[in-house]
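**Student:** My questions all concern the structure below.
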Amino acid sequence: MLVEIFTPDKQLFEGEASSVMLPGADGSFGVLNKHAAIISALKKGQVKITSKTEGEKTFDIRGGVVEMFNNKMIILAE
């Protein structure tokens with residue numbers, strides 16, 4: 001799946017991932033490749049992106065929103 005992370009200032013990440021762990025407002029959750037469409041609020045925490053080619057990358061966020069649709073994830077983070 002394609003994952004993009006945006007802040008108000010810049011784009012933090014764009015790349016392919018096999019899984020993403022997110023700090024959801026009601027608890028952490030994971031999203032795998034070809035996950036069903038979803039929109040969720042995010043709280044302060046870490047976004048962990050796992051890629052077969054690049055390994056694991058971690059980004060600290062202060063909250064935001066995630067949308068997954070047509071195997072593309074967009075994270076709007078603070």
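Here, each number is a calculation from the coordinates, and none is a lab measurement. These numbers come from a predicted model, not from an experiment.
**Student:** So in the chain, what percent of DSSP beta bridges are antiparallel if you round to the nearest 5?
**Tutor:** Rounded to the nearest five, the antiparallel share is 85 percent.
**Student:** Given the range 2-77, what count of lysine pairs have C-alpha atoms under 19 Å apart, with each pair 8 or more places apart or on different chains?
**Tutor:** Close lysine pairs found across the range 2-77: 13.
**Student:** By its C-alpha gyration tensor, with a ≥ b ≥ c as the square roots of the eigenvalues, how is the chain shaped: rounded for a/c under 1.5, else prolate for a/b larger than b/c, else oblate?
**Tutor:** Rounded is the answer for the chain, as its axis ratio a/c remains below 1.5.
**Student:** Between GLU67 and SER18, 0.36 nm times their residue separation minus their Cα-Cα distance comes to what? List each step's numbers first, then the result.
**Tutor:** On the way: separation 49, 0.36 × 49 = 17.64 nm, distance 1.60 nm.
Full extension of this stretch gives 16.0 nm more.
**Student:** Give, in nm to one decimal, the length gained when the segment between LYS44 and GLU4 is fully stretched (0.36 nm per residue of separation minus the Cα-Cα distance).
**Tutor:** Values: separation 40, 0.36 × 40 = 14.40 nm, distance 1.78 nm.
Extra length available between LYS44 and GLU4 comes to 12.6 nm.
**Student:** Counting alpha carbon pairs within less than 8 Å and at least 6 residues apart, what relative contact order, in whole percent, applies to the range 2-77?
**Tutor:** Relative contact order comes out at 32 percent.
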